[in-house]
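Student: Right, I'll just put the structure down here and ask away after.
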Amino acid sequence: MRQLAAIAVFAVAAAVLPLFITSGVVLNTAIMILYTALLGLAWNILAGFGGQFSFGHAVFFGTGAYAAAVLQAKLGWNAWATLPAALLLGAAVGAFIGALSFRYGLRGSYFALVTLAFAEVFRILANNVTFTGAGVGIMVKLKSGAENFQFATKTGYLYVILVFVVAGLVLCWWLKNSRYGAWLQAVRDNEESAAALGVNVFRVKLGAIALSGALMAAGGVFYAQYFQYIDPGLAYGPGVSIEALLGPIVGGLGTLWGPVLGAVLLQLLGEGTRGLFANAPGVSLMLYGALLVLMVTFMPSGVLGVLRRRA
Amino acid sequence: MLELSILWPSILNGLTTGAVYALIALGLTLIYGVLHIINFAHGAALMMALYGVYYLQRSLGLDPYVSLAVMVPTMFAAGYLAYRYVIGVASHGRDENILLVTLGVAIVLENLALFLFKSDTRTIDTAYTFTTVPIGSAMIALPKIVAFFGAAATAGILLLIMRATDLGRAIRACAKERQGARLVGIDVEHVFAMSFGIGLACLGAAACFLLPAYYVNPMVGNGFVLIAFTIVVLGGMGSFAGALVGGLLIGVVESVGGLWLGESLGQIGIFLIFIAVLLFRPQGLFGARA
Amino acid sequence: MNSQRRRQFLINTTALAASAALPLGARAQANAIKIGVLHPVTGFLAYSGNLSRLGAQMAIDDINKAGGIKSLGGAQLQAVLGDAQSKPEVGAAEVEKMNEEGVSAIVGAYASAICLATTQAAAKHNIPHVVDVGVADQIVERGLKNTFRFPPGYKVCADTAMNDLVLLNNLAGKPARSVLIVHEESLFGTGTANLLAQQLPNLGFEVKEVIKHANPTRDFNNIVLRVKAANPDVVIPANYYNEYALFMRTMKQQNVRPKAIYSVLGGAASSYKFVKEFADAANGVLDVNHWFNPKDKRASALKKRVDAMKDQFFTYEVYLNYSAVQLLADAIERAKSTKRDDIVNALANSTWDNHFMPFGPTKFVNGQNQGARPLMMQVLKNDIKVVLPNTYAETEPAFPWKG
């Protein structure tokens, strides 16, 4: 219950932000933090709660992004209508990959690598198929208006991504406190024991990857609407997969707030270093990489791990 | 489409390209097989090695094949130190942390290279850059043929080390049973660092064979990482023979797949094989059943 | 980690958060006009991004040295540098930062995907955004009032290339009947190749094959094999520098010599770097690409200065950005104001022709400079010469190539 209250407080705090802040930089940073947090929350469902690390989460992201873009550009759908379609597709892709991988008992790094391979397969396909625009990519047409999921100011986007994030947090809260979630965590901790206790390991894992896929696809839809252009590299490339896993690991794997904390930390780190040494390209990113290594060295269980030890 | 007259040269091309892939995968399979680290910094390390070969030629006039004598020990030392004092320390032995550490190291290396060497693509000019050797109806570039034999030789040397030396035995012990190895008195951290060093030494060799036929810039490593992972899985994690055969196989698949489906779509063959191996034979061609 | 260290860490993070909101590089002189210079100077596009930044910075320095913006009392231009890190979302974030630093305009962002994001972000604040390169035509087809592209997009380049190929072929007695297109798989390559593959048959050429390749492509031997097997008269590459260079090297290695290598926006074809490093493979290559007016002394003077710099080459990234900044300065001069709206209007009705590009006076329709056009160059005797159109030609084209 306390956690639900915390989520509510977080939601309200983020929601009133635009009332006090008009700075485009801060609002954009807030949006990007929430967006990265969403990706992390999705990844964390499968990895943190389910114990299955994925290196190819972009496969779900890209599916959602392309769903939004293609349905609008080629079939004239309304932008909002593409969201449920994207969620379903994300879950379906998750179920497909999960069914294959779990059926054949893939775990640990093998599972991680197979997700990477699937992401690449989708990327190559997207690059060679006309209905995704192939290498040219797809533009989401400029059609300002809340009814088109395009807002004249940042506030609209902030609220949308906030709703997604809150939904993700509630989903994770449910995973932490429900029977299904208990099964999932039991599978994560020891698959054989869980099976021995009667948990349907295959179905539980399948559910997790479907949920994870759906939430990640929501992130893809948001990206498509916010930046209005995707191509196979942006949608299915390793960049997104890496972005999804950085936050939760830095923030605290398998925790409710880990992905959010991680997103805050990493976005601020990125923004903070980017402006430094503007005349010497590369130095700021070296700093970022070095700080990343230091963070992992001194906070091996993530930020929450540190806070917990203190508590 | 598939024409017989170009199938043979295509296969040969695939074999020679695959040999270079194998060289890159050899180091990765050792690192993965022994330390169970998915080394995201492998591509960046290759890139640094390529710069090493480039500057040895530029400033000292050393032929890339002569540079083997310099690059291999240097990369070995770099790998040993990197593991001992950075990666081993920072990761506290946790898998997800090692991931992040190698990722962070990759970012640092790529941008260090950008800062030091600028973003220009650099190539070297040797007397044999444009030499080709006729094999049947095909004209194969000489540097690539040398790379082929280089890969075979490297794999052979590695196998020798693993089978016939004390270090090799220690490495195999640590790979199989970390705690047990510690209990019999093996300095596991030292052995891990040696393994990482050998892995990077392979990259040093790979760089010497690759640069004459390719180029170097700060982002060049990224193009090889996924393929290297595929080969490691295909051949069997920890198997050198597997990395060699896997590399050659992938090279041929890429080549022939490119002929058949087009260069862009043909890449899909590599990853479909990757998935198929993971699903149906995760221990790879030469790996022992887990 | 003990509490002392944790506290310090939290303090540092907060400081980072605060610094992210502070304008950086804000040592403004009085009356300085801030111009955002936004390019991907790290990541995959770093090479082009850094050259682009060089061109923009040189222009700003030159304009300042010549007295700044005279209609504003000699006000100096001040570059506000931004790094798009080769990602559209970072480019958009940098635009927000530049907005809060009070830039009057933005020049950038080299790559089409990044330009799409940056022009959109700039539009929300009505910041005039001069597009330096970005060849995708979608950039100027969205009805954004703040976006102005000085050079041509890939449609104009492809159309010009096709017409010029017909001309070239006719002049030589029609030796070429078949073509083979090799293109990179992303936006500019695919878009260009699609146009060519569609139109060339109507112009009397047989398109033997269209070969698409990835970025990066590690080996071109197979593609060259297919070129050899198809035996086209003309090979048409449209790709980026690294792949173009590797392709040409491999062609030379395999001894494949078509009647002409006719590039459209060829990545390395009209590159002094490529000519310098691979003289043999480069000779004879034709390219329809961005180029400066070879008869304009200012261009050759600028080239001399860039050549004198260590490891720099006078590439399209440099002179297109140089011109983009000049275009902007002219607009500010006429607007007599640093207000964004005024500059947007000044750009919209710009008829500037004090530049060294072969475009004539500027005229923007929907943000595209109507006079913008590519030229056709050929690498001859280790130098790059314009061969078409006649108004700018320095020498006769050698077609077919008998090198």
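The values are calculated or read from the model by the stated rules, or taken from the named source; none is laboratory data. Everything numeric here is computed off the predicted structure, so don't read it as measured data. Cβ placement follows ideal geometry from the backbone for every residue including glycine, while neighbour counts extend to all protein chains displayed.
Student: Could you check, for the range C:124-131, whether at least one of its residues is within 18 Å of A:Leu142 (Cα to Cα) and at the interface with chain A (Cβ under 9 Å from one of its Cβ atoms)?
Tutor: yes
Student: Out of B:Gly242, B:Gly258, report the one residue that is touching a Gly at 6+ places or on another chain (Cβ under 7 Å) and within 14 Å of chain C (Cβ to nearest Cβ).
Tutor: B:Gly258
Student: Now, a different point. Do we have C:Gly74 as small (Gly, Ala, Ser) and surrounded by fewer than 24 Cβ atoms within 10 Å (Cβ to Cβ) here?
Tutor: Yes.
Student: From the list A:Gly76, A:Gly48, exactly one residue is closer than 30 Å to A:Val264 by Cβ and either touching a Cys at 6+ places or on another chain (Cβ under 7 Å) or among the small types (Gly, Ala, Ser) (or both). Which is it?
Tutor: A:Gly48
Student: Same structure again: Here are B:Ala106, B:Ala82: which of them is modelled with pLDDT of 90 or more and in contact with a helix residue (DSSP H, G or I) (Cβ under 6 Å, 6 or more places away or on another chain)?
Tutor: Checking each option against the conditions leaves just B:Ala106.
Student: Limited to the range C:161-220, what total is found for residues that are of a type in the set (A, V, I, L, M, F, W, C), part of a strand (DSSP E or B) and within 14 Å of chain A (Cβ to nearest Cβ)?
Tutor: Within the range C:161-220, residues that are of a type in the set (A, V, I, L, M, F, W, C), part of a strand (DSSP E or B) and within 14 Å of chain A (Cβ to nearest Cβ) number 4.
Student: Quick one: in the range C:31-68, which of the residues that are more than 14 Å from chain B (Cβ to nearest Cβ) and among the basic types (Lys, Arg) is farthest from C:Ser86 (Cα to Cα)?
Tutor: Selected residue: C:Lys65.
Student: Enumerate the helices (runs of 4 or more DSSP H) found wholly within the range A:217-311, keeping only those where 2 or more residues are hydroxyl-bearing (Ser, Thr, Tyr) and within 13 Å of chain B (Cβ to nearest Cβ).
Tutor: A:283-298
Student: Would you confirm whether any residue within the range C:44-51 is surrounded by fewer than 24 Cβ atoms within 10 Å (Cβ to Cβ) and in contact with a Gly (Cβ under 8 Å, 6 or more places away or on another chain)?
Tutor: Checked against the condition, which is being surrounded by fewer than 24 Cβ atoms within 10 Å (Cβ to Cβ) and in contact with a Gly (Cβ under 8 Å, 6 or more places away or on another chain), the range C:44-51 yields no hits at all.
Student: Any idea how many residues of the range B:65-92 are facing chain A (nearest Cβ under 9 Å) and among the small types (Gly, Ala, Ser)?
Tutor: Residues meeting the conditions: 2.
Student: Considering only residues of the range B:103-143 that are crowded, with 18+ Cβ neighbours inside 10 Å, more than 14 Å from chain A (Cβ to nearest Cβ) and among the small types (Gly, Ala, Ser), which is nearest to B:Thr17 (Cα to Cα)?
Tutor: Ranking the qualifying residues of the range B:103-143, first place goes to B:Ala141.
Student: Let me ask you something else. Within the bounds of the range A:183-192, is there any residue that is out of contact with any Lys or Arg (no Cβ under 9 Å at 6 or more places or on another chain), closer than 30 Å to A:Leu17 by Cα and of a type in the set (S, T, N, Q)?
Tutor: No; the residues of the range A:183-192 include none that is out of contact with any Lys or Arg (no Cβ under 9 Å at 6 or more places or on another chain), closer than 30 Å to A:Leu17 by Cα and of a type in the set (S, T, N, Q).
Student: Regarding the range C:31-39, can at least one residue be identified that is under 32 Å from the mean Cα position of the chain (by Cα) and at pLDDT below 90?
Tutor: Yes: the range C:31-39 contains one or more residues that are under 32 Å from the mean Cα position of the chain (by Cα) and at pLDDT below 90.
Student: Counting just the residues of the range C:277-324 that are touching a strand residue (DSSP E or B) at 6+ places or on another chain (Cβ under 6 Å) and within 30 Å of C:Phe148 (Cα to Cα), which one comes out surrounded by the fewest Cβ atoms within 10 Å (Cβ to Cβ)?
Tutor: The qualifying residue surrounded by the fewest Cβ atoms within 10 Å (Cβ to Cβ) is C:Pro294.
Student: Search the range C:228-242 for residues being part of a helix (DSSP H, G or I) and either surrounded by 24 or more Cβ atoms within 10 Å (Cβ to Cβ) or small (Gly, Ala, Ser) (or both), and hand back the single one that is modelled with the highest pLDDT.
Tutor: The qualifying residue modelled with the highest pLDDT is C:Ala230.
Student: Which of the following residues is within 30 Å of A:Gly272 (Cβ to Cβ) and either in contact with a Phe, Trp or Tyr (Cβ under 9 Å, 6 or more places away or on another chain) or at pLDDT below 95 (or both): A:Phe111, A:Phe53?
Tutor: Of the residues listed, the single one that is within 30 Å of A:Gly272 (Cβ to Cβ) and either in contact with a Phe, Trp or Tyr (Cβ under 9 Å, 6 or more places away or on another chain) or at pLDDT below 95 (or both) is A:Phe53.
Student: Among (1) in contact with a strand residue (DSSP E or B) (Cβ under 8 Å, 6 or more places away or on another chain); (2) within 13 Å of chain A (Cβ to nearest Cβ), where does C:Glu141 come up short?
Tutor: (1)
Student: Take the conditions of a type in the set (Ser, Thr, Tyr), farther than 19 Å from A:Pro248 by Cα and without any contact (Cβ under 8 Å) to a residue 60 or more places away in the chain and apply them to B:Tyr85. Does it pass?
Tutor: Judged against the criteria, B:Tyr85 is a match.
Student: Using beta carbons and a limit of 7 Å, which pairs, at least six apart or on different chains, have the first residue in the range A:135-150 and buried (at least 23 other Cβ atoms within 10 Å of the Cβ) and the second one outside any helix (DSSP H, G or I) and hydrophobic (A, V, I, L, M, F, W, C)?
Tutor: A:Gly137/A:Ile230; A:Ile138/A:Ile230; A:Phe149/A:Ala79; A:Phe149/A:Trp80
Student: Restricting attention to the range C:331-351, which residues are surrounded by fewer than 24 Cβ atoms within 10 Å (Cβ to Cβ), in contact with a helix residue (DSSP H, G or I) (Cβ under 8 Å, 6 or more places away or on another chain) and not basic (Lys, Arg)?
Tutor: C:Glu333, C:Ala335, C:Ser337, C:Thr338, C:Asp342, C:Asn345, C:Ala346, C:Ser350, listed by residue number.
Student: I've got another one for you. Could you say whether any residue in the range C:59-67 is basic (Lys, Arg) and surrounded by 24 or more Cβ atoms within 10 Å (Cβ to Cβ)?
Tutor: Within the range C:59-67, none of the residues are basic (Lys, Arg) and surrounded by 24 or more Cβ atoms within 10 Å (Cβ to Cβ).
Student: Something else: For residues that are within 12 Å of chain B (Cβ to nearest Cβ) and surrounded by fewer than 21 Cβ atoms within 10 Å (Cβ to Cβ), tally how many sit in the range C:249-276.
Tutor: Of the residues in that region, 5 qualify.
Student: Hey, another quick one. Among the numbered conditions (1) surrounded by fewer than 24 Cβ atoms within 10 Å (Cβ to Cβ); (2) over 26 Å from C:Tyr316 (Cβ atoms), tell me where C:Ala93 comes up short.
Tutor: Of everything listed in (1) surrounded by fewer than 24 Cβ atoms within 10 Å (Cβ to Cβ); (2) over 26 Å from C:Tyr316 (Cβ atoms), C:Ala93 misses just condition (1).
Student: Now, a different point. Cβ contacts < 6 Å: first residue outside any helix (DSSP H, G or I) and among the hydrophobic types (A, V, I, L, M, F, W, C), restricted to the range C:92-116; second residue at pLDDT below 95 and surrounded by 24 or more Cβ atoms within 10 Å (Cβ to Cβ), any location; separation 6+ or different chain. Result?
Tutor: Short answer, once both residue conditions are applied: C:Ala111/C:Leu45.
Student: Kindly evaluate A:Val170 against the criterion of being more than 12 Å from every other protein chain (Cβ to nearest Cβ), within 26 Å of A:Gly24 (Cα to Cα) and outside any strand (DSSP E or B).
Tutor: no
Student: Hey, among A:Leu158, A:Leu83, A:Leu125, which residue is more than 14 Å from chain C (Cβ to nearest Cβ) and at pLDDT 90 or above?
Tutor: Only one candidate passes the filter, namely A:Leu83.
Student: Which of the following residues is within 26 Å of B:Leu116 (Cβ to Cβ) and not basic (Lys, Arg): B:Leu15, B:Leu68?
Tutor: B:Leu68
Student: Filter the range A:94-117 down to the residues that are within 24 Å of B:Gly238 (Cα to Cα) and basic (Lys, Arg) and list them by number.
Tutor: A:Arg107
Student: Being in contact with a Lys or Arg (Cβ under 7 Å, 6 or more places away or on another chain) and more than 9 Å from every other protein chain (Cβ to nearest Cβ) narrows it down to one residue among A:Gly76, A:Gly98; which is it?
Tutor: Residue meeting the stated conditions: A:Gly98.
Student: From (1) at the interface with another protein chain (Cβ under 10 Å from one of its Cβ atoms); (2) in a loop (DSSP other than H, G, I, E, B), pick out the condition that doesn't hold for C:Leu246.
Tutor: (2)
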